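First comes the structure, then the notes that go with it.
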Amino acid sequence: MKQRSISLASMTVIASSLLALQGCATDSSSKAEAPKAAAPAPAWKQGMGPDMASSKLAPMAGKMTVTPASEIPIDKLKLPPGFKIEVWATGMPGARAMARGDNGKIYIGTRAIGRVYELSDNGKERTNRVVVDKLVQPAGVAFKNGSLYVMAINKVLRYDGIEKNPTVAPVDLTAKFNLPPEQHHNWKYIAFGPDGKLYVPFGAPCNICELPTQEYAQIRRYNPDGSGMEVLARGVRNSVGFDWHPVTKQLWFTNHGRDWMGDDKPNDTLSRMQKTGLNYGFPHCHQGNIPDDVMKKDNPCAGVEQPVALMGPHAAVMGMKFYTGNMFPAEYKNAAFVARKGSWNRNQKIGYDVVMVKSSADGKNAKVTPFITGFMNPADQSFWGRPAYLLQMPDGSMLISDEQLGAIYRVTYKKK
């Protein structure tokens, strides 16, 4: 880059001009106020090209107040024959990821509202309480060996024996996890793998950018106490859901594509980690085969891992679960259910549903089919719910959280 220099003569002219201007300002009424700096654009507008400058698209705020069951139009939801969906619990604004305790209590993370809930079921009704409040986007919850783990953007807490001792003070593990500080795309989904380690994604701190440091756009794993950190994958823009394949035990994960490349690209994806150390493309390549139009480099998609399935452009793929229960018909065994919270960066909305992905165990020949629809009306683009996460229960039924209404639905199957 060329260095610019200012000559001594030029500096003298500038200084003289400034003195002349000061001399003209003889009273306070004639002093010109310095122009105010323009407010920075919100993070979600970053990467918005000139061709999109007039777009009215913007993220849609969730409803962060309690919605009674009587106000939830559950009858609008459509499922395959034999399946039934019901409102199972309400009163948890912002409900996202769910983790089930050893004794059956369910812990629910949130993002915007900053809470973690505990949900109890006495067999007839569900009641909830707030475990912790005023955290910075505590979306990540996991449960292991009697302890609840809560991960916010800047804090990791462990509640030992919380099911029996609801007022237990947390153990603060934050320092051991070495969390990167940026907030954008840094809310977490966390889960313990078959190896007993805690898996944690760290999203990109932008819509599209060269990474400021290499600690972003990763998936890592840790020992439960925060030691032994390993980076498993890079180039993962924003994964907020994953599970392990019941046969291969490989990690499969959802990933959000970037915004502001138009209505139809790139797709969100479902990918698998057949080995550690793979690159999934961000920021130079999206969905395995689309070069970025801003972050350019030679052969940007060379060596990038290809997704199992394309999940729709801007569909907001969230939680995913492989079905291993016995309640649903045999054709659902080992299929992946994926919640698509629904698009905002698209003129014609898509998502707002739960889909099923069936493929071979090695991720080939994937087919995506609808499973639950009706949260959104395609005719007028209105929506009332946004499914976010899934949890399989011991009896084989499936719970689905709705972040928009703070509710949990239960899906069951009975052969007619």
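Going through the stretch 143-158 one residue at a time, which ones are outside any loop (DSSP other than H, G, I, E, B), open to solvent by less than 10 Å² (accessible area, probe 1.4 Å) and either farther than 14 Å from Glu118 by Cβ or aromatic (Phe, Trp, Tyr) (or both)?
Scanning the stretch 143-158 gives Met151, Val156.
Of the residues Thr369, Thr373, Thr324, which is in contact with a strand residue (DSSP E or B) (Cβ under 8 Å, 6 or more places away or on another chain), touching a residue at least 60 places away in the same chain (Cβ under 8 Å), surrounded by fewer than 19 Cβ atoms within 10 Å (Cβ to Cβ) and farther than 30 Å from Thr65 by Cβ?
Numbers: Thr369 fails: touching a residue at least 60 places away in the same chain (Cβ under 8 Å); Thr373 fails: farther than 30 Å from Thr65 by Cβ.
That would be Thr324, the only listed residue that is in contact with a strand residue (DSSP E or B) (Cβ under 8 Å, 6 or more places away or on another chain), touching a residue at least 60 places away in the same chain (Cβ under 8 Å), surrounded by fewer than 19 Cβ atoms within 10 Å (Cβ to Cβ) and farther than 30 Å from Thr65 by Cβ.
Scan the stretch 252-284 for residues that are within 17 Å of the chain's Cα centre (by Cα), part of a loop (DSSP other than H, G, I, E, B) and either small (Gly, Ala, Ser) or modelled with pLDDT under 95 (or both) and report the count.
Residues meeting the conditions: 1.
Collect the residues in the stretch 115-125 that are modelled with pLDDT of 95 or more and surrounded by fewer than 18 Cβ atoms within 10 Å (Cβ to Cβ), keeping them in residue-number order.
Just the residues of the stretch 115-125 that are modelled with pLDDT of 95 or more, to begin with: 115-121.
Ser120, Asp121, listed by residue number.
May I ask you to verify whether Asn255 is surrounded by 18 or more Cβ atoms within 10 Å (Cβ to Cβ) and in contact with a Gly (Cβ under 6 Å, 6 or more places away or on another chain)? Spell out the reasoning first.
Values: surrounded by 18 or more Cβ atoms within 10 Å (Cβ to Cβ): yes; in contact with a Gly (Cβ under 6 Å, 6 or more places away or on another chain): no.
When the stated conditions are applied, Asn255 does not pass them.
Each row is one residue, and each column tells you yes or no for (1) over 27 Å from Thr110 (Cα atoms); (2) modelled with pLDDT of 50 or more; (3) among the small types (Gly, Ala, Ser); (4) open to solvent by less than 70 Å² (accessible area, probe 1.4 Å).
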| position | (1), (2), (3), (4) |
| --- | --- |
| Lys31 | yes, no, no, no |
| Gly49 | yes, yes, yes, yes |
| Ala53 | yes, yes, yes, no |
| Thr67 | no, yes, no, yes |
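Could you please give the count of residues in the stretch 172-196 that are open to solvent by 50 Å² or more (accessible area, probe 1.4 Å) and either touching a Ser or Thr at 6+ places or on another chain (Cβ under 9 Å) or not in a strand (DSSP E or B) (or both)?
Step one: filter the stretch 172-196 for residues open to solvent by 50 Å² or more (accessible area, probe 1.4 Å), giving 172, 175-176, 178, 181-183, 194-195.
The next check asks that each one be either touching a Ser or Thr at 6+ places or on another chain (Cβ under 9 Å) or not in a strand (DSSP E or B) (or both); those that pass are 175-176, 178, 181-183, 194-195.
Counting residues in the stretch 172-196 that are open to solvent by 50 Å² or more (accessible area, probe 1.4 Å) and either touching a Ser or Thr at 6+ places or on another chain (Cβ under 9 Å) or not in a strand (DSSP E or B) (or both) gives 8.
Applying the selection to the stretch 81-114, what residues are open to solvent by less than 30 Å² (accessible area, probe 1.4 Å) and not in a strand (DSSP E or B)?
Of everything in the stretch 81-114, those that are open to solvent by less than 30 Å² (accessible area, probe 1.4 Å) and not in a strand (DSSP E or B) turn out to be Gly82, Gly91, Met92, Pro93, Gly94, Ala95, Arg96, Ala97, Gly101, Gly104, Thr110, Gly114.
What pairs come out if I take residues in the stretch 41-68 that are without any contact (Cβ under 8 Å) to a residue 12 or more places away in the chain and pair them with residues that are open to solvent by 70 Å² or more (accessible area, probe 1.4 Å) and of a type outside the set (D, E, K, R) whose C-beta lies under 6 Å away, six or more apart or interchain?
Close Cβ pairs satisfying both conditions: none exist.
Go through the stretch 394-410 and report how many residues are part of a strand (DSSP E or B) and open to solvent by 10 Å² or more (accessible area, probe 1.4 Å). Lay out the reasoning, then the answer.
If we filter the stretch 394-410 for residues that are part of a strand (DSSP E or B), which is where we start, we get 398-402, 407-410.
Filter again for open to solvent by 10 Å² or more (accessible area, probe 1.4 Å), leaving 410.
Number satisfying all stated conditions: 1.
Within the stretch 350-366, work out how many residues are buried (at least 19 other Cβ atoms within 10 Å of the Cβ), in a loop (DSSP other than H, G, I, E, B) and either touching a Pro at 6+ places or on another chain (Cβ under 7 Å) or of a type in the set (Lys, Arg) (or both).
Adding up the residues that qualify gives 0.
Can you name every residue in the stretch 71-94 that is aliphatic (A, V, I, L, M) and within 23 Å of the chain's Cα centre (by Cα)? Write out each step before concluding.
Just the residues of the stretch 71-94 that are aliphatic (A, V, I, L, M), to begin with: 72, 74, 77, 79, 85, 87, 89, 92.
Answer for the stretch 71-94, where residues must be aliphatic (A, V, I, L, M) and within 23 Å of the chain's Cα centre (by Cα): Ala89, Met92.
Which pairs turn up if I take residues in the stretch 242-265 that are without any contact (Cβ under 8 Å) to a residue 40 or more places away in the chain and closer than 27 Å to Lys45 by Cα and look for partners that are open to solvent by 30 Å² or more (accessible area, probe 1.4 Å) and not in a strand (DSSP E or B) with beta carbon separation below 7 Å, at least 6 apart in sequence or on another chain?
The qualifying pairs are Met261/Asp293.
Is it the case, given these coordinates, that Asn299 is over 27 Å from Lys197 (Cβ atoms), without any contact (Cβ under 8 Å) to a residue 12 or more places away in the chain, open to solvent by 20 Å² or more (accessible area, probe 1.4 Å) and not hydroxyl-bearing (Ser, Thr, Tyr)? Before the answer, list the steps.
Numbers: over 27 Å from Lys197 (Cβ atoms): yes; without any contact (Cβ under 8 Å) to a residue 12 or more places away in the chain: yes; open to solvent by 20 Å² or more (accessible area, probe 1.4 Å): yes; not hydroxyl-bearing (Ser, Thr, Tyr): yes.
In short, yes.
Of all residues in the stretch 126-142, count the ones that are outside any strand (DSSP E or B) and crowded, with 18+ Cβ neighbours inside 10 Å.
So the first thing to find is which residues in the stretch 126-142 are outside any strand (DSSP E or B), and the list is 133-139.
Next cut, crowded, with 18+ Cβ neighbours inside 10 Å only: 135, 137-139.
Selection size over the stretch 126-142: 4.
How many residues does the stretch 285-343 contain that are farther than 16 Å from Ser271 by Cα and assigned to a strand (DSSP E or B)?
Adding up the residues that qualify gives 1.
How many residues does the stretch 197-233 contain that are more than 24 Å from Met48 (Cβ to Cβ), in contact (Cβ under 8 Å) with a residue 24 or more places away in the chain and open to solvent by less than 30 Å² (accessible area, probe 1.4 Å)?
Residues in the stretch 197-233 being more than 24 Å from Met48 (Cβ to Cβ), in contact (Cβ under 8 Å) with a residue 24 or more places away in the chain and open to solvent by less than 30 Å² (accessible area, probe 1.4 Å): 9 in total.
Considering only residues that are in contact with a Ser or Thr (Cβ under 9 Å, 6 or more places away or on another chain) and assigned to a helix (DSSP H, G or I), which ones fall in the stretch 44-70?
Once the filter is applied, which keeps residues that are in contact with a Ser or Thr (Cβ under 9 Å, 6 or more places away or on another chain) and assigned to a helix (DSSP H, G or I), the stretch 44-70 yields only Ala69.
The values are calculated or read from the model by the stated rules, or taken from the named source; none is laboratory data. Quick caveat: nothing in here was measured; it's all calculated off a predicted structure. Positions of Cβ are backbone-derived with ideal geometry, glycine not excepted, and every protein chain shown enters the neighbour counts. Calculation scope for accessible area: heavy atoms of the full protein, side chains included, ligands and nucleic acids excluded. Shrake-Rupley method; radii C 1.70, N 1.55, O 1.52, S 1.80 Å.
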